[in-house]
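None of the figures in this text is laboratory data; all of them are computed from the coordinates on show. If you're wondering where the values come from, they're calculated on a predicted model, not measured in any experiment. Using ideal geometry, Cβ is built from the backbone for each residue, glycine included, and neighbour counts are taken over all protein chains shown.
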Amino acid sequence: MLVKDWMSKKVITIDESDSLSEAINTLKRNKIRRLPVMRGEKLVGIVSDRDLKEAAPSKATSLDIWEVHYLMSKIKVKDVMTRQPITIHPQASIEKAAIIMYDHKIGGLPVLDEKGTLVGILSVQDIFGALINITGARISSYRVAVVLPDKPGSIKEVCDYMRKHDFKCVSILTTKEGVPDNQRKVIIRFQSEKEKLPQILQELHKNYKNVEFTED
């Protein structure tokens, strides 16, 4: 799965010389949480709803409403934006995008092509959408997790055991987190006739010690 398939291609931006008031109104009007900041056709920053809230006068201010509006009209987006924002290429994988967002604790990535042109924006919500899709979580199915030896053919082996009783694989995920060395946990989401489900589980329990079953 690539960034280009999940990013929002209709990107709402703001100019660096626009006011704080305009940025806040743009976020509210479009129900979004961040704005790429432009200088002409060039991306020069990004501003989030948190940046704007921190820069705006507190509700406890002694200023009257006209003074607040005047102050907010004088503060420019370039004064509060994050400069040189982290970006990603449209051909990058969704997994890479997720790692960048997680490691840097950010909620969105502007997407730039090889010419440096802004072609999209990828949000945490887009990552969630890709995760739901790749796991098949919306498909009515069963879910089983099995700890296997980390060796060639081990995943095929567990699928062969299940195939004896007619199952349809929806998705397969695997991780080494939280399991002993030289092993891996495999999570298989599958469909099966209800009457054959006990046979599948019996087959797995017979051949593996750690089997977790969930019916979503």
Worksheet entry | Unit Cα scatterers, Debye sum, the range 67-161: log10 I(q)/I(0) for q = 0.18, 0.19, 0.22 Å⁻¹ | -0.98, -1.01, -1.10
Response to the item:
Residue by residue through the range 144-153, the couplings from Karplus 6.51 cos²θ - 1.76 cosθ + 1.60 with θ = phi - 60°, in Hz, x for Gly and Pro, are 10, 10, 10, 8, 10, x, 7, 9, x, x
Practice prompt. Stick to Cα atoms and the Kirkwood definition of Rh, then tell me Rg/Rh for the range 112-214.
Written response: 1.12
Worksheet, complete the sentence: Across Ala55, Ala23, Ala98, the residue with the highest GNM fluctuation in the chain (Cα network, 10 Å cutoff) is Ala55
Item to complete: Consider just the alpha-carbon atoms of the range 136-184 and return their Rg together with their Dmax, both in angstrom.
Response: 12.0, 33
Worksheet item: Could you give the angle, 0 to 90 degrees to the nearest 10, between helix 20-30's Cα long axis and the longest principal axis of the Cα atoms of the chain?
Response: 40 degrees
Discussion item. Limiting things to C-alpha atoms, what are the Rg and the maximum Cα-Cα separation (Dmax) for the range 99-144, in angstroms?
Written reply: 14.4, 45
Discussion item. Can you divide the C-alpha Rg of the chain by 2.2 N^0.38 Å and report the result to two decimal places?
Written reply: 1.44
Worksheet item: By the gyration tensor of its Cα atoms, with a ≥ b ≥ c the square roots of the eigenvalues, what is the shape of the range 169-216: rounded for a/c under 1.5, prolate for a/b over b/c, or oblate?
Response: oblate
Worksheet entry | Phi to ³J(HN,Hα) by Karplus 6.51 cos²θ - 1.76 cosθ + 1.60 over the range 89-97, Hz, x for Gly, Pro | 8, x, 8, 6, 7, 4, 4, 5, 4
Worksheet item: Exposure proxy check: Ser19, Ser140 ranked by fewest other beta carbons within 10 Å?
Response: Ser140, Ser19
Worksheet item: Using unit Cβ charges (K, R positive; D, E negative) and no other charged atoms, how large, in debye to the nearest 20, is the dipole of the range 136-215 about its Cα centre?
Response: 120 debye
Worksheet item: In degrees between 0 and 90, to the nearest 10, how far off the longest principal axis of the chain does helix 154-163 point, with axes built from Cα atoms?
Response: 70 degrees
Item to complete: Using +1 at the Cβ of each Lys and Arg and -1 at the Cβ of each Asp and Glu in the chain, identify which of Gly120, Asn30, Ser141 lies farthest towards the dipole's positive end.
Response: Ser141
